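Read through the structure below, which is laid out as structure tokens, and then see the notes.
The values are calculated or read from the model by the stated rules, or taken from the named source; none is laboratory data. Computed from a predicted structure; not experimentally measured. Don't worry about glycine lacking a Cβ; one is built from the backbone with ideal geometry, like all the others, and counts go over all protein chains shown. Just so you know, the surface numbers come from the protein's heavy atoms only, side chains and all, with ligands and any DNA or RNA stripped out. Shrake-Rupley method; radii C 1.70, N 1.55, O 1.52, S 1.80 Å.
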Amino acid sequence: MSTTMRTARTPKKREKFLAALSELGHVTLACKAVGIGRTQAYEWRKRDAAFSKGWDEAIDVATELLEIECRRRAAVGTEETVYHRGLACGTIRKYSDLLLIFLLKAMKPEKYRDSYEHFHNVPSVSGAEEARKRVAAKLDCLAAQIAQPDGH
């Protein structure tokens, strides 16, 4: 195969790769779809700023498509066939609470993020002492509950 033919096909292959990447959201699958190797795709990305920008945009599009599907599964749900004694007897709509949680965390992380405390970076002795006091108070409360069998 001559160098001229390879160069002439490269822009089309790059366009096809970016289109596949935006649809599939996965580099290996996009490479297989257009018949190029992963190494070639990453070389193009490294050497061509416009291609690299197109790559990033394709990933953004693929991510948005996933978000749309997540919203659909969380809010609209999916129909699942119900079987009785091996025969289909109807359908039931199932929703994804887990996807809904992820969407809320992504949309408003300040409100829905998991909260936790960091004890390994205690800035001062007084901070460590305060943490010790909180733990001791909780232990005292638990001990008092255990000592009263009727729960009062």
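Given (1) surrounded by 10 or more Cβ atoms within 10 Å (Cβ to Cβ); (2) within 28 Å of L24 (Cβ to Cβ), identify the lone condition not met by D97. D97 satisfies every listed condition except (1).
Each residue in the stretch 20-40 was checked for being aliphatic (A, V, I, L, M) and in a loop (DSSP other than H, G, I, E, B), and 1 of them qualify.
One line per residue, one yes/no per condition, for (1) modelled with pLDDT of 95 or more; (2) on the phi < 0 side of the Ramachandran plot; (3) open to solvent by less than 100 Å² (accessible area, probe 1.4 Å); (4) within 33 Å of the chain's Cα centre (by Cα):
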{"residue": "A74", "(1), (2), (3), (4)": "no, yes, yes, yes"}
{"residue": "Y83", "(1), (2), (3), (4)": "yes, yes, no, yes"}
{"residue": "K105", "(1), (2), (3), (4)": "no, yes, yes, yes"}
{"residue": "R113", "(1), (2), (3), (4)": "no, yes, no, yes"}
{"residue": "A128", "(1), (2), (3), (4)": "no, yes, yes, no"}
{"residue": "R134", "(1), (2), (3), (4)": "no, yes, no, no"}
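Checked against (1) modelled with pLDDT of 95 or more; (2) part of a loop (DSSP other than H, G, I, E, B), K53 passes all but a single condition, namely (2). For the residues E64, E43, E79, the requirement of being open to solvent by 80 Å² or more (accessible area, probe 1.4 Å), modelled with pLDDT of 90 or more, under 30 Å from T10 (Cβ atoms) and not in a loop (DSSP other than H, G, I, E, B) singles out E64. Residue check: is E117 modelled with pLDDT under 95, part of a helix (DSSP H, G or I), out of contact with any helix residue (DSSP H, G or I) (no Cβ under 6 Å at 6 or more places or on another chain) and open to solvent by 70 Å² or more (accessible area, probe 1.4 Å)? In short, no. Scanning the stretch 24-40 for residues that are at negative phi and surrounded by 12 or more Cβ atoms within 10 Å (Cβ to Cβ) yields L24, H26, V27, L29, A30, C31, K32, A33, V34, I36, R38, Q40. Of all the residues in the stretch 51-61, those that are open to solvent by 70 Å² or more (accessible area, probe 1.4 Å) and either of a type in the set (G, A, S) or touching a residue at least 60 places away in the same chain (Cβ under 8 Å) (or both) number 0.
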